[in-house]
1. Given (1) touching a Gly at 6+ places or on another chain (Cβ under 7 Å); (2) at pLDDT 95 or above; (3) surrounded by fewer than 17 Cβ atoms within 10 Å (Cβ to Cβ), identify the lone condition not met by THR227.
2. Looking at (1) aliphatic (A, V, I, L, M); (2) under 25 Å from GLN214 (Cα atoms); (3) at pLDDT below 95; (4) buried (at least 21 other Cβ atoms within 10 Å of the Cβ), which one does VAL16 not meet, given that it meets all the others?
3. Quickly run through region 102-131 and pick out the residues that are buried (at least 19 other Cβ atoms within 10 Å of the Cβ), of a type in the set (A, V, I, L, M) and within 22 Å of LYS184 (Cβ to Cβ).
4. Does LEU60 fit the bill of being surrounded by 18 or more Cβ atoms within 10 Å (Cβ to Cβ) and touching a Phe, Trp or Tyr at 6+ places or on another chain (Cβ under 8 Å)?
5. For region 151-173: of the residues being over 14 Å from the mean Cα position of the chain (by Cα) and at pLDDT 85 or above, which is surrounded by the most Cβ atoms within 10 Å (Cβ to Cβ)?
6. Tell me, yes or no, whether region 318-333 has at least one residue that is over 25 Å from SER236 (Cβ atoms), touching a strand residue (DSSP E or B) at 6+ places or on another chain (Cβ under 9 Å) and not aromatic (Phe, Trp, Tyr).
7. Going residue by residue through region 272-294, is there one that turns out to be on the phi > 0 side of the Ramachandran plot and not aromatic (Phe, Trp, Tyr)?
8. State which residue is surrounded by the fewest Cβ atoms within 10 Å (Cβ to Cβ) when the search covers only region 266-303 and only residues that are within 18 Å of PRO331 (Cβ to Cβ) and among the small types (Gly, Ala, Ser).
Amino acid sequence: MAEIALNNVSKSFGAVTVIDDVTFTVQSNEFLVFLGPSGSGKSTLLRMIAGLETIDQGELVIDGVRSEKLSPGQRGVAMVFQNYALYPHMTVFENLAFGLRNIGLSSDDIAARVADAARILEIEELLKRRPAQLSGGQRQRVAIGRAIVKEPKAFLFDEPLSNLDAALRVRTRVELAELHQRVKSTMIYVTHDQTEAMTMADRIVVLNNCKIEQIGTPMEVYSHPNTRFVASFVGSPSMNFVDVVLTGSGTTRTATFGDGSTIALTIAVPEAGTYELGIRPEAIRVTKGNADTTGQATVVERLGDRTLVYLRLSDGAMLTALDEGKSTVQPGDQVGLSFETNQLHLFDSSGLAYHAD
């Protein structure tokens with residue numbers, strides 16, 4: 001277990017900045033996820049911690065030791081790559097043992113470490129097979145096992161599930177979460193998949209345009225996004241955004257939609273004016289009673305336990321609302337919509353978020 005701290009870390013490739021003055025700390029035994037779109041800098045940041053990319057400016061401290069100048073082998077971390085990087089001519093046992101032989105461990109120590117990793121990952125019966133004889137999920141376990149046998153201070157995962165099919169990704173997500181509980185180690189995990197981040201992370205670091213947008217627990221990031229980008233990137237289906245005109249003063253405000261309908265909000269914002277109202281689908285209910293506004297259903301997705309209804313308001317604005325699994329709404333229906341006002345968000349022209357009390 002190790003605490004990892006990055007202080008004012010920056011990285012450029014020529015004139016292109018890929019990490020811009022990033023500061024955060026990974027707590028010992030924490031499962032931290034770097035989440036962001038392609039090009040946000042998340043994999044580069046992970047490689048900088050591993051020592052596979054140099055740090056141009058700033059400090060990296062691993063387990064209390066300044067580490068930005070250390071070689072990868074001196075940092076005490078182990079990395080699991082997206083492409084597994086297994087030796088095809090070696091058995092599973094030989095793949096797991098290869099790095100240990102290179103550092104001069106005895107045969108007995110190697111056998112003990114490999115056996116322990118195989119037990120943790122439940123791959124004992126695979127030790128005599130070669131990678132070509134394994135499924136994608138089994139290869140991924142072997143790649144993780146090769147990191148476990150090093151007994152590192154921290155594990156670094158670079159989008160390890162992206163090569164797996166959907167069903168196997170779900171199962172392997174659970175296995176990784178269980179693995180974290182068993183090995184009690186610091187883990188940093190890179191992904192562009194917000195579902196992976198939400199289901200596995202203790203905390204999420206949301207990256208965009210080479211900077212940190214927000215750090216928080218999954219529910220903090222989901223329920224109280226700091227910016228419009230975070231609100232739009234985290235959540236499936238995505239948050240709805242509608243232009244509104246805000247009037248009133250203090251924390252008592254009235255938001256007017258483009259179709260003329262209004263709702264009362266209790267949100268502290270600096271001044272009245274035009275904002276984007278952010279509403280998650282679960283905060284919009286299809287109702288037959290008192291409605292805040294109405295819309296026409298264009299598409300209805302029936303998911304079993306719930307139904308997503310895609311609607312167009314009279315001014316053309318689009319919303320996604322949540323209805324019960326046994327919803328009777330059909331495309332073309334005119335339906336009433338009720339908003340959970342304590343779950344609404346406002347975003348100003350710079351993308352900064354204000355939340356309902």
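1. (3)
2. With respect to (1) aliphatic (A, V, I, L, M); (2) under 25 Å from GLN214 (Cα atoms); (3) at pLDDT below 95; (4) buried (at least 21 other Cβ atoms within 10 Å of the Cβ), VAL16 is out only on (4).
3. Matches in region 102-131: VAL114, ALA117, ALA118, LEU121, ILE123.
4. For LEU60, the condition - surrounded by 18 or more Cβ atoms within 10 Å (Cβ to Cβ) and touching a Phe, Trp or Tyr at 6+ places or on another chain (Cβ under 8 Å) - is not met.
5. ALA154
6. For region 318-333, residues over 25 Å from SER236 (Cβ atoms), touching a strand residue (DSSP E or B) at 6+ places or on another chain (Cβ under 9 Å) and not aromatic (Phe, Trp, Tyr): present.
7. yes
8. My answer is ALA297.
The values are calculated or read from the model by the stated rules, or taken from the named source; none is laboratory data. Keep in mind that this is a model prediction, so the values were computed, not measured. As a convention, Cβ positions derive from the backbone with ideal geometry for all residues, glycine included, and neighbour counts pool all protein chains shown.
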